[in-house]
1. Can you give the extra length, in nm with one decimal, that the chain gains between Phe270 and Asn120 once fully stretched, where that is 0.36 nm per residue apart less the Cα-Cα distance?
2. Taking all protein chains as present, what is the carbon and sulfur share of the accessible area of segment 310-351, in % to the nearest whole number, probe 1.4 Å?
3. Kindly provide the pair-distance distribution of segment 135-247 built from C-alpha pairs, with 10 Å bins from 0 and whole-percent values in order of increasing distance.
4. What are the ³J(HN,Hα) couplings of segment 313-326, residue after residue, when phi is run through the Karplus curve with 6.51, -1.76, 1.60 and θ = phi - 60°? Round to Hz, x for glycine and proline.
5. Taking the Cβ-Cβ separation of Val144 and Asp315 as r and a Förster radius of 35 Å, what is the calculated FRET efficiency to the nearest 0.05?
6. Report the calculated FRET efficiency for Glu154 and Ser231 (r = Cβ-Cβ distance, R0 = 25 Å), to the nearest 0.05.
7. For Phe177 and Thr113 in the same chain, what is the full-extension length gain: residue separation times 0.36 nm, less their Cα-Cα distance, in nm?
Amino acid sequence: GESGRVREGESGRVRQLAGAVRSHISLNALLLQPSTPTVTTAATAVTAVAAATAATAAAAPRKGGSPHLPLVTPAIQLPLASSSGGVLVTHVLSLWRRGYRSFKLKIGKGSPTFEAARVNEARRALRGLPICLRLDANRQWSLVEALLFFGELEFPESIEYVEELLSTPEDLPELFFKTGLRFALDETLADALGGGETEAVRALGAGEAGSPSLPPATCAALALLARADASCGLAAYVLKPALLGGLGACAALRARAQRAGAVLVLSAAFESGVALAHLALLAEALAPAASESSGGGSCEPSFHGLNTFDALAADLLSPPFAVLVDGAHVPLGACEQALRDYAESAAAADA
């Protein structure tokens, strides 16, 4: 958990990084799986995440020309019916008109056949829209189950990437060679760097597969990071900075992603608005410069996930992070000001 106090020095460091880049960043929508999957019905929660394109943002700057980060709207419970899916279509079209472009579908609780049917239904509901579709299974399946799942997909070419689909992450390149499904790494990054080991960060930067002083699980994750690149299906790193050990680990992963041809996707882990505002600025800071090639996935720019603010009953930030959301965007200037106000308020309370 958070201490309820943000260090002004750390806040200033993130703002300084963000001010140096200021590239446009967009985020994805999250479609959750039902808690109890059945064959006849499937309820999903759609968390609307803004994903306006860079060109749209350049053509329509927000208030005062302030750089902004397209973000999320609150979660809405929608039926993903086995018939026309008309409710979902209507809602998605509404989001589309507001600039939403990317959707991430949680899978893995049901059988591969059941989950493939959900993916097929979701894609049919979104047919005709040039969207990015991502899947996330949180390491639920074996390679055999994943191959069965792929065999049932009607639109495999529409999937930007699958996130941690296998219980054995080292087999993800083999899955790519057998199916063409590109993959993203999330838990693997935490396995490699989540312990906060300086040696792990050094090994990552050097492209080494661990060292004798590190735990076996850390070495296994580092070995995958050392060999996985775009040529074997790597599309993205999904960064949860709170679980990775801080800015040093994120900087090391950015450098590795550039070498591997992967994009960076910032993701929240149910932090307060103080952390979410920092993450918005960090997403901007870690974005590649115009001269750099991301090369990881099929959709540009990256789409990030900071939509967890909707789960907060209250927020340390004042105004709450949700209030900073301006339509489908979060102005970075508003994040900076909110963090300054919070730091000043915390300092005054300690005086």
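The values are calculated or read from the model by the stated rules, or taken from the named source; none is laboratory data. Worth saying up front: this structure is predicted, and the values here are computed from it rather than measured. Positions of Cβ are generated from backbone atoms using ideal geometry, with glycine treated the same way; all protein chains shown enter the neighbour counts. Ligands, DNA and RNA are excluded from the accessible area calculation, which covers all protein heavy atoms including side chains. Shrake-Rupley method; radii C 1.70, N 1.55, O 1.52, S 1.80 Å.
1. 51.1 nm
2. Numbers: 1100 of 1990 Å².
The nonpolar share, carbon plus sulfur, comes to 55 percent.
3. Pair shares across the bins are 15, 46, 29, 10, 1.
4. Residue by residue, segment 313-326 yields 6, 8, 9, 5, 6, 9, x, x, 4, 4, 6, 5, 5, 10 Hz.
5. 0.20
6. FRET efficiency, Glu154 to Ser231: 0.35.
7. 20.9 nm
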